Amino acid sequence: MPDTDWRSEEAYSGLKKADAADLAWEWLRRDCDYQEDYKRLSRREHSSAAAGEFRRKWGLSFPS
């Protein structure tokens with residue numbers, strides 16, 4: 001993760017145009033548990049069921 005001063009308005013100027021999904025992703029990608037689950041999933045050969053469970057657990061599945 002970049003060394004960003006969270007208090008600097010300039011550091012986050014790109015978020016002014018962000019929608020809800022963009023903000024959710026910024027929050028999720030910083031979550032330590034998510035990072036560990038992602039590493040675990042990407043290190044092993046996984047089935048589509050494992051990938052599906054990962055998406056469900058982290059809310060990455062969207063209704064059509």
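The values are calculated or read from the model by the stated rules, or taken from the named source; none is laboratory data. Please read all numbers here as calculations on a predicted model, not as lab measurements. Cβ placement follows ideal geometry from the backbone for every residue including glycine, while neighbour counts extend to all protein chains displayed. Surface accessibility is based on the protein's heavy atoms, side chains included, excluding ligands, DNA and RNA. Shrake-Rupley method; radii C 1.70, N 1.55, O 1.52, S 1.80 Å.
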Charge dipole of the chain about the Cα centre (unit charges at C-beta), most positive-ward option of S42, W6, W25: S42
Where only protein heavy atoms count, and the probe is 1.4 Å, what is the accessible area per residue for the chain in Å²? 90
The chain, helix-only ellipticity at 222 nm - DSSP H runs n ≥ 4, -39,500 (n - 2.57), divided by all residues, nearest 500: -14500 deg cm²/dmol
For Rg/Rh (Cα atoms, Kirkwood Rh), with candidates (1) 1.02; (2) 1.07; (3) 1.04, the value calculated from the shown model is option (2)
Helix 32-43 axis, angle to the chain major axis (alpha carbon atoms, nearest 10°): 50
Considering only protein heavy atoms and a 1.4 Å probe, what is the carbon-and-sulfur percentage of the accessible area of the chain? 53
Under the 7 Å Cα-to-Cβ spin-label approximation, H46 and C32 lie apart by a distance in nanometres of 2.1
Counted charge near L60, where neighbours are those whose Cβ lies closer than 12 Å (Asp, Glu -1; Lys, Arg +1): +2
